Amino acid sequence: MTDFQRYAIYWAPEPGPLAEFGAAWLGWDAARGIDRQHPPMSGPLAGLPRPVAELTDTPRKYGFHGTLKPPFRLVDGASATGLHGAVERLAASLAPVTLDGLALHRLGGFLALVPMGNTSGLEALAAKAVQELDPYRAALTPEAMMRRQSARLTDAQKDLLDRWGYPYVMQEFRFHLTLTGALPEEEARAVEALLAPVVAPLLPKPFVIRDICLFGEAGDGRFHILHRYTLTG
């Protein structure tokens, strides 16, 4: 658990059909730490505008997940073992969250699975993860801060970046499981049309978040599931 350059708190599906789809679609299995063969561009996926490897190049290294606390370096003096204990305590204080389901949507230029219905419980869970684990987060490097600041951020997002090291947390948080990189609108529409019937039978209704995961970023930039924690609060 110590040979990782960054850590993150994500939700990831438990082993099963949805997890298998996500790992194969992205081409990276974060639970097993192995590359996966993409699904063939035939049958239900015949007609994709680009190879799956190209469509998923950007999100691949992160694995199939929904972000709760974004990736961060450990602050000086903190250890991975200490972080593990803190996430254990966090999970013990959090109750499972039930949502109506997951659905495939376009978010800007990329495709993702997003929760349906009232998401206030999930937003509260993510906010607590961001806040409670912040003592373990090192400040962004000047280079990383400049990259973030170069994006088109609102004043509120800039304040969140300064406070929490990421602009899309707290009131700007939107849970999603990314499936593609940014695509031109026509391509995004075509991929959505082909993927929708493929993922429909895999999507849980209701969608229950029963656990959270500690992920670690290895030296090659790939993220791995290090531990899964059941929510028992």
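The values are calculated or read from the model by the stated rules, or taken from the named source; none is laboratory data. Please read all numbers here as calculations on a predicted model, not as lab measurements. Heads up, the Cβs are rebuilt from the backbone with ideal geometry, glycines too, and the neighbour counts pull from every protein chain shown. In case anyone asks, the SASA skips ligands and DNA or RNA and just uses the protein heavy atoms, side chains included. Shrake-Rupley method; radii C 1.70, N 1.55, O 1.52, S 1.80 Å.
D by Stokes-Einstein for region 137-233, Kirkwood Rh over Cα pairs, 25 °C, 0.890 mPa s: 143 µm²/s. With the biggest extent put first, the Cα atoms of the chain measure 52, 40, 35 Å across the principal axes. Per residue, the chain exposes 48 Å² of solvent-accessible protein surface, assessed with a 1.4 angstrom probe and all protein chains in place.
Per residue, the average separation of C-alpha pairs within less than 8 Å and at least 6 apart gives the chain a relative contact order of 35 percent. Across region 124-139, rounded Karplus estimates of 3J(HN,Hα) from the backbone phi angles (6.51 cos²θ - 1.76 cosθ + 1.60, θ = phi - 60°) give 5, 4, 5, 4, 5, 4, 4, 6, 5, 9, 4, x, 8, 8, 6, 4 Hz, Gly and Pro being marked x. About the centre of its Cα atoms, the chain shows a dipole size close to 120 debye [charges on the beta carbon of Lys, Arg (+1) and Asp, Glu (-1) only; nearest 20 debye]. Work out, in µm²/s and without decimals, the Stokes-Einstein translational diffusion coefficient of region 6-71 at 4 °C, 1.567 mPa s, Rh from Kirkwood over C-alpha pairs. Calculated translational D: 103 µm²/s.
Panel values: region 113-179, Kirkwood radius from alpha carbon pairs, Stokes-Einstein at 4 °C and 1.567 mPa s, translational diffusion coefficient 99 µm²/s. Projecting the Cα atoms of PRO184, GLY108, ALA127 onto the charge dipole of region 108-192, computed from C-beta unit charges around the Cα centre, puts ALA127 farthest toward the positive end.
Taking a point 7 Å from the Cα of GLN131 along the Cα-to-Cβ direction, the residues of region 80-108 with backbone N closer than 20 Å to it are 86-98. The charge dipole of region 1-129, taken about the Cα centre with unit charges on the Cβ atoms of Lys, Arg (+1) and Asp, Glu (-1), comes to about 200 debye, rounded to the nearest 20.
Counting 0.36 nm for each residue step from ARG32 to GLU192 and taking away their Cα separation leaves a gain of 54.8 nm.
Of the residues ALA31, PHE4, THR58, the one whose Cα sits farthest towards the positive end of the charge dipole of region 3-142 is THR58 (charges of +1 on Lys and Arg Cβ, -1 on Asp and Glu Cβ, taken about the Cα centre).
Whole angstrom only: what separates the Cα centroid of region 1-70 from the Cα centroid of region 97-164? So the separation of the two Cα centres works out to 19 Å. On the beta carbon distance between ALA53 and ARG147, with R0 = 30 Å, the FRET formula returns roughly 0.75.
Assuming charge only on the beta carbon of Lys and Arg (+1) and of Asp and Glu (-1), the dipole of region 161-213 about its Cα centre is about 300 debye to the nearest 20.
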